[in-house]
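This report concerns only the one structure given below.
We did not get these values from a lab; they are worked out from the coordinates using the rules stated. Model, not experiment: these values are computed from the prediction. Quick reminder, even Gly has a Cβ in these numbers, built from the backbone with ideal geometry, and neighbours come from all protein chains shown.
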Amino acid sequence: MVKIRDLLIDIKGFTKKYENLEASKGSVTMITGENGCGKTILLNSICGHVGLKEGMILLNNMESSNEAWKEFTGCFLGKDFLIPYITSREYFELNLLIANKINSENKVLIDKYSKILFFNDFKKKIKHLSLGNQKKVGIISTLITNPDLIIWDEPFANLDKKTTISLNELLIELSNSGKTILYTNHPNEETYYSQIYKI
């Protein structure tokens, strides 16, 4: 599902050579490393936001520069990708509209994943939500289109213990259903994964 080969990134004074990675269907890859090591930049490269100096990234055998990967990928890289002046419900529905997946089945997923992550502030504008609830909105928005590939930057940050446990259980459920997941995390945090990619 995801392959990284001979990757070199050089952007704004940051230069990094990344080890090769292969994440197969149904795998959960935890990308870990110290602050500033290039975890978020790697995810931005996978999602096509940062160009590659050398090497390649393949998503389902397509290069990341081919935007067709967006059709099967749910990606949340931080609160800067949220729209602060609309409500969470409006944001969810906008994501479904952009993905051309507004239907009753996908709308049911809004309620399903909101319940799993203990989120119910649908009428508040996103800018008025706590950091933890903003993180929940981002995570939920990636799941409601039912993607095959899920990419999250530090999904466990700012979550309370109850939600952390539930998200861990959700990772297992998604993996068992064949979803491929890549997420970043700090090395001292115990969360579910099937393989570690250390930077």
**Message:** On C-alpha positions alone, give me the angle between the axis of helix 131-143 and the longest principal axis of the chain, in degrees, nearest 10.
**Reply:** 80 degrees
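Kirkwood Rh, Cα Rg: Rg to Rh for the chain? Kindly include the intermediate steps, with their values, before the conclusion.
Values: Rg = 16.3 Å, Rh = 17.2 Å.
In the chain, Rg relative to Rh is 0.95.
For the chain, what is the calculated [θ] at 222 nm in deg cm²/dmol (nearest 500), taking -39500 (n - 2.57) for each run of four or more DSSP H residues and dividing by its residue count?
Values: 5 runs with 61 residues, N = 199.
Value at 222 nm, helices only, nearest 500: -9500 deg cm²/dmol.
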**Asked** Want the number for I86 to M62: 0.36 nm per residue separation, take away the alpha-carbon distance, what's left?
**Response** 5.3 nm
**Message:** What FRET efficiency comes out for I11 versus F122 if R0 is 25 angstrom and r is the Cβ-Cβ distance? Round to the nearest 0.05.
**Reply:** 0.10
**Complete:** The Rg/Rh figure for segment 1-78, Cα atoms and Kirkwood Rh, to two decimals is 0.93
**Request:** Taking only Cα atoms and a 10 Å spring cutoff, compute GNM fluctuations for the chain and point out the largest among S177, S104, S130.
**Result:** S104
**Paramagnetic reach from V108 (point 7 Å along Cα→Cβ, amide N under 15 Å) across segment 125-165** = 144-146
**Item:** Over 24 Å between alpha carbons, listed pairs K3/K79; K25/K127; K3/K101; K101/K179; K101/K123
**Value:** K3/K79; K25/K127; K3/K101
**Asked** Under a point spin-label approximation (7 Å from Cα along Cα-to-Cβ), what is the C37-L94 distance to one decimal in nm?
**Response** 3.4 nm
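Hey, what's the Cα Rg ratio for segment 157-197 versus the globular rule of thumb, 2.2 N^0.38 Å? The partial results should precede the final answer.
Numbers: Rg = 10.5 Å, N = 41, 2.2 N^0.38 = 9.0 Å.
Dividing the Cα radius of gyration by 2.2 N^0.38 Å gives 1.16.
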